[in-house]
Amino acid sequence: MKVILQKDIPNLGDAGDIKEVADGYARNFLLPKKLVLIANESSKKAMEHQTKLIKIKKDKRKKVSEKLAESMSGVEVTIKAQVGEEGKLFGSITSMDIAKELLAKGFEIDKRKIQLDSPLRQEGDYEVTVKLDEGLNTKVKVSIVKE
């Protein structure tokens, strides 16, 4: 069955794409959740209009993300933690801890957008990448100091 995607669907495609999917998948999952339209002439015209609206929304999100990235570029976050011998932390600093400190500074960032290879377990300064919408990234300096 040919369908037009109304939203981005992982492992299937982006909004506006026309895809061939199994009939059961379309009838039982995609159509009831209103993720797709059945591809015909009238729905193609409606989707063209909707694609224009989606593009406008993406452009707005990109502008907002660019402003956020610009304002976050010089942000320093200081986290106080209990430190033991040789600068090792009792516990670790995770993306959730960094998100809380960013929120205190006025930046509402989802913890899943903060990219850490592993939790921070040493005292010191780190540079952490924050993924924003539309493929934009920014760096935030995180300093872990003795409590």
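The values are calculated or read from the model by the stated rules, or taken from the named source; none is laboratory data. On a predicted model such as this, the values are computed, not experimentally measured, just so you know. Methodologically, a virtual Cβ is constructed for each residue, glycine included, from the backbone with ideal geometry; neighbour enumeration extends over all protein chains shown.
Residues that are at pLDDT 90 or above and of a type in the set (Gly, Ala, Ser) do not occur anywhere in region 128-138. Selection within region 109-118: residues that are modelled with pLDDT of 90 or more and over 10 Å from the mean Cα position of the chain (by Cα). The member of this set that is nearest to Gly84 (Cα to Cα) is Leu116. In region 74-90, which residues are small (Gly, Ala, Ser) and at pLDDT 90 or above? Passing the criteria: only Ala81. Of all the numbered requirements in (1) under 18 Å from the mean Cα position of the chain (by Cα); (2) in the same structural domain as Asp14 (by TED's automatic domain parsing), His49 misses one, and that requirement is (1).
I'd like to verify a number: residues in region 101-133 that are outside any loop (DSSP other than H, G, I, E, B), acidic (Asp, Glu) and surrounded by fewer than 13 Cβ atoms within 10 Å (Cβ to Cβ), how many?
Just the residues of region 101-133 that are outside any loop (DSSP other than H, G, I, E, B), to begin with: 101-104, 111-115, 120-122, 124-131, 133.
Imposing the further condition that a residue be acidic (Asp, Glu) reduces the set to 101, 125, 127, 133.
From what's left, surrounded by fewer than 13 Cβ atoms within 10 Å (Cβ to Cβ): 125, 127.
So the count comes out to 2.
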